[in-house]
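Chemist: I'd like to ask you about the structure that follows.
The values are calculated or read from the model by the stated rules, or taken from the named source; none is laboratory data. What you see is a predicted model, and the numbers here were worked out from it, not measured in a lab. All Cβ positions, even for glycine, are placed from backbone atoms using ideal geometry, and neighbour counts span all protein chains on display. Note: areas computed on protein heavy atoms with side chains; ligands, DNA, RNA excluded. Shrake-Rupley method; radii C 1.70, N 1.55, O 1.52, S 1.80 Å.
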Amino acid sequence: MFERQLAAALSKEGMTEEEILNALEIPKEAKLGDICLPCFKFARTLRQAPPVIAAKLLPDVQALEFVARAEIVGGYLNVFFDRTYIAKEIAEIAENEIVGKNDEGKGKTICIDFSSVNIAKPFHIGHLSTTVIGGALYRIFAHLGYRVVGINHLGDWGTQFGKLIVATRKWSSIDEVAANDEYFLNSLYVRYHREAETHPEMDDEARAWFKRIEDGDKEAIAYFDVFKQVTMKAVGKIYDRLKIHFDSYAGESFYNDKMEPCLEILRQKKLLKTSDGAQVVDLEEYGMPPCLLVKADGATLYATRDLAAAYYRKQTYDFYKCLYVVAYQQNLHFKQLFQVLKLMDFDGADDMEHIAFGMVSMEDGAMSTRNGRVIWLQEVLDKAVEKAAKIIEEKNPNIVGKSAIAESIGVGAVVFSALWNNRIKDIVFSYDKVLNFDGETAPYVQYTHARCASALKKGGGYNVAEADFAAITDDEGYEVIKSVLGFGDSVKLAARLREPCYVTRHIVELAGKFNRYYIGHRILAEDAPTRSARLMLTQAVKNTIRTGLSLLGIDAPEEM
Ligand code: ARG
């Protein structure tokens, strides 16, 4: 907060605004000030002792309207803000339901490739993180004024389709599949794998069917379309619950006719080598195995489609950045892909980013995909909602709209669990942990929001003009104020580092600070100016929490 203004006011020869901005720190203890400048960082270039530098800066700092006082302690210049001045900024936040929005990204387009589920394979818990991290990044960038293009690069190509055709013909029919849901489809897939173990000839049949899809055979395509429809209907329901939206569903099959021009560029640049009949780009020089693009039988690969997709996206969206929210298991794939694009002189090669994340496993040790032991995301959501409903029944049985509130809490809890840590950390999912109302969880934040709503309802409005700011600038109130005002910076940080957890952590911290304030102070104080100030603060906290939750894709019920 105020870093920019402070840096601008203090910059002089030998200390640029940028250098000061980088040097500014938040003191470890609040009694040392709101912000401090370690002057020893400039001692070498200025050839002056740190306290001398600090003394020179002191008058400039004290002249700033938002500064109450400054002190020199050792080599540090410690700055204390004027609490009443800062408290007044809260009024604006209380007035606007949406907090921290700006247009720093204006004119820039960000493509985010996320969720990217595989057709005819289950939407399992392994796809939770990409879906919610991608969704959060989508909203965070949009909040900062970027044009965002959400792309679901569907895994709708590959031998699994041939396998499903074989299974459908053996044990079901196209009509039966079309009339059923994704669980039915998956049961065929599981049965195929079980039986193929002892009947390897099924795999030849499956390959032949997939070849027919590749060749555009009508009968084969009819199966393909039905499998895709069934899966899309199922994932659509999940996206609705998670409040996820895509601007494009151009998946792998979309690139069937768009790979040849890429291969042609590679040939022209003499980058394509033949190795055992396959065509590869040699990446030995970069310490990586070769990138396989065309198999000996002429089939293209995942990487070939990603090359075509990169070109297509650049051409279609003219992106500023193109992000791929994909598990770290694919680190090598993206390193290879980006390197090949560089070698091709692809315009945009430096703007490609793999946004990696860790794995999700269940508390009981179960992982994700193993045949027949799949943990469906839908089941996880349902179970969390069911447990949330039980908790509501215990805590607040007379509340209206119970089932909608249970949905908000249960789904919110699951979403939150994938957005709490730095992306790269593996997650062990536990229902009890994510639904703990007193933990670092969505329900805790949602509960704080509802607490604000209830106080505001009881308070029946406030008047900024008569508010007594001194009533909210004691140490506990001031902590809340700073957290509200610092929210915008956390959103920016989350965008810059592509880490939604900075938003998540910020609202949890704010909720904690507000709850401490709430316990120690009467929001609905007798005295009107005090009440106005406290209600205004409560409204600002509510708006900030609500904005934060909505950026993460989590509902904020008014009551719970
Ligand atoms: N469908 C892939 C998977 O589930 C993820 C695709 C990611 N996007 C991409 N352009 N490669 O593993």
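Chemist: In the stretch 108-124, how many are closer than 16 Å to Ser361 by Cα and either at pLDDT 85 or above or near the ligand (Cβ under 8 Å from one of its atoms) (or both)?
Modeler: 0
Chemist: I'd like the full set of residues that are in contact with an Asp or Glu (Cβ under 9 Å, 6 or more places away or on another chain) and open to solvent by less than 40 Å² (accessible area, probe 1.4 Å), limited to the stretch 37-51.
Modeler: Hits for the stretch 37-51 are Leu37, Pro38, Phe42.
Chemist: Would you mention how many residues in the stretch 31-82 are over 16 Å from Glu3 (Cα atoms) and touching a Cys at 6+ places or on another chain (Cβ under 8 Å)?
Modeler: 5
Chemist: Follow-up question, since we're still on this one. I'd like the full set of residues that are touching a helix residue (DSSP H, G or I) at 6+ places or on another chain (Cβ under 8 Å), polar (S, T, N, Q) and surrounded by fewer than 24 Cβ atoms within 10 Å (Cβ to Cβ), limited to the stretch 394-422.
Modeler: Selection gives Ser403, Ser408, Asn421, Asn422.
Chemist: Within the stretch 495-512, how many residues are open to solvent by 20 Å² or more (accessible area, probe 1.4 Å) and within 9 Å of the chain's Cα centre (by Cα)?
Modeler: Selection size over the stretch 495-512: 2.
Chemist: Please go through the stretch 320-344 and pick out each residue that is within 11 Å of the ligand (Cβ to nearest atom) and not polar (S, T, N, Q).
Modeler: The answer is Cys322, Leu323, Tyr324, Val325, Val326, Ala327, His333, Phe334, Leu337.
Chemist: Right, next: What helices (runs of 4 or more DSSP H) completely inside the stretch 459-560 contain at least 1 residues that are touching a strand residue (DSSP E or B) at 6+ places or on another chain (Cβ under 9 Å)?
Modeler: 475-497
Chemist: Regarding Lys211, is this residue open to solvent by 30 Å² or more (accessible area, probe 1.4 Å) and free of Cβ contacts under 8 Å to residues at least 24 places away in the same chain?
Modeler: Judged against the criteria, Lys211 is not a match.
Chemist: Could you list all residues from the stretch 127-176 that are under 24 Å from Asn421 (Cβ atoms), away from the ligand (no atom under 14 Å from the Cβ) and hydrophobic (A, V, I, L, M, F, W, C)?
Modeler: Val132, Ala136, Leu137, Ile140, Phe141, Ala142, Leu144, Val148 - these are the residues of the stretch 127-176 that are under 24 Å from Asn421 (Cβ atoms), away from the ligand (no atom under 14 Å from the Cβ) and hydrophobic (A, V, I, L, M, F, W, C).
Chemist: While we're here: Across the stretch 67-76, what is the number of residues that are closer than 16 Å to Ile20 by Cβ and not in a strand (DSSP E or B)?
Modeler: Counting residues in the stretch 67-76 that are closer than 16 Å to Ile20 by Cβ and not in a strand (DSSP E or B) gives 1.
Chemist: State all residues of the stretch 142-167 that are of a type in the set (Ser, Thr, Tyr) and within 20 Å of Ala310 (Cα to Cα); if no residue qualifies, say none.
Modeler: Answer for the stretch 142-167, where residues must be of a type in the set (Ser, Thr, Tyr) and within 20 Å of Ala310 (Cα to Cα): just Tyr146.
Chemist: Additional query: Based on this model, can you work out whether Val99 counts as under 30 Å from Thr538 (Cβ atoms), of a type in the set (A, V, I, L, M) and modelled with pLDDT of 90 or more?
Modeler: The answer is yes for Val99.
Chemist: Of the residues in the stretch 231-243, how many are under 21 Å from Ile554 (Cα atoms) and either open to solvent by 20 Å² or more (accessible area, probe 1.4 Å) or out of contact with any Ser or Thr (no Cβ under 9 Å at 6 or more places or on another chain) (or both)?
Modeler: Of the residues in that region, 6 qualify.
Chemist: Is it fair to say Val280 is touching a Gly at 6+ places or on another chain (Cβ under 6 Å), within 21 Å of Tyr255 (Cα to Cα) and not charged (D, E, K, R)?
Modeler: Judged against the criteria, Val280 is not a match.
Chemist: Hey, any hits in the stretch 299-319 for a residue that's open to solvent by less than 60 Å² (accessible area, probe 1.4 Å), under 29 Å from Glu214 (Cα atoms) and away from the ligand (no atom under 16 Å from the Cβ)?
Modeler: Looking through the stretch 299-319, at least one residue is open to solvent by less than 60 Å² (accessible area, probe 1.4 Å), under 29 Å from Glu214 (Cα atoms) and away from the ligand (no atom under 16 Å from the Cβ).
Chemist: Moving on to the next point. Looking only at the stretch 56-115, count how many residues are more than 28 Å from Leu10 (Cβ to Cβ) and touching an Asp or Glu at 6+ places or on another chain (Cβ under 7 Å).
Modeler: Total meeting the criteria: 1.
Chemist: Another one. Quick check on Gly461: is it in contact (Cβ under 8 Å) with a residue 40 or more places away in the chain and surrounded by fewer than 14 Cβ atoms within 10 Å (Cβ to Cβ)?
Modeler: Judged against the criteria, Gly461 is a match.
So that you can scan it fast, the table gives a plain yes or no per residue for (1) touching a residue at least 60 places away in the same chain (Cβ under 8 Å); (2) more than 23 Å from Gly460 (Cβ to Cβ):
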| site | (1), (2) |
| --- | --- |
| Lys482 | yes, yes |
| Ala494 | yes, yes |
| Tyr502 | no, yes |
| Tyr517 | no, no |
| Glu526 | no, no |
| Met536 | yes, no |
| Arg546 | yes, no |
| Leu552 | yes, yes |
| Asp555 | yes, yes |
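Chemist: In the stretch 320-338, which residues are hydrophobic (A, V, I, L, M, F, W, C) and open to solvent by 40 Å² or more (accessible area, probe 1.4 Å)?
Modeler: The answer is Leu332, and nothing else.
Chemist: State all residues of the stretch 323-360 that are touching a strand residue (DSSP E or B) at 6+ places or on another chain (Cβ under 6 Å), in contact (Cβ under 8 Å) with a residue 40 or more places away in the chain and over 22 Å from Val280 (Cβ atoms); if no residue qualifies, say none.
Modeler: Answer for the stretch 323-360, where residues must be touching a strand residue (DSSP E or B) at 6+ places or on another chain (Cβ under 6 Å), in contact (Cβ under 8 Å) with a residue 40 or more places away in the chain and over 22 Å from Val280 (Cβ atoms): Leu323, Val325, Glu353, Ile355, Val360.
Chemist: Out of the residues in the stretch 393-411 that are of a type in the set (A, V, I, L, M) and modelled with pLDDT of 95 or more, which is nearest to the chain's Cα centre (by Cα)?
Modeler: Residue satisfying both the conditions and the ranking: Val411.
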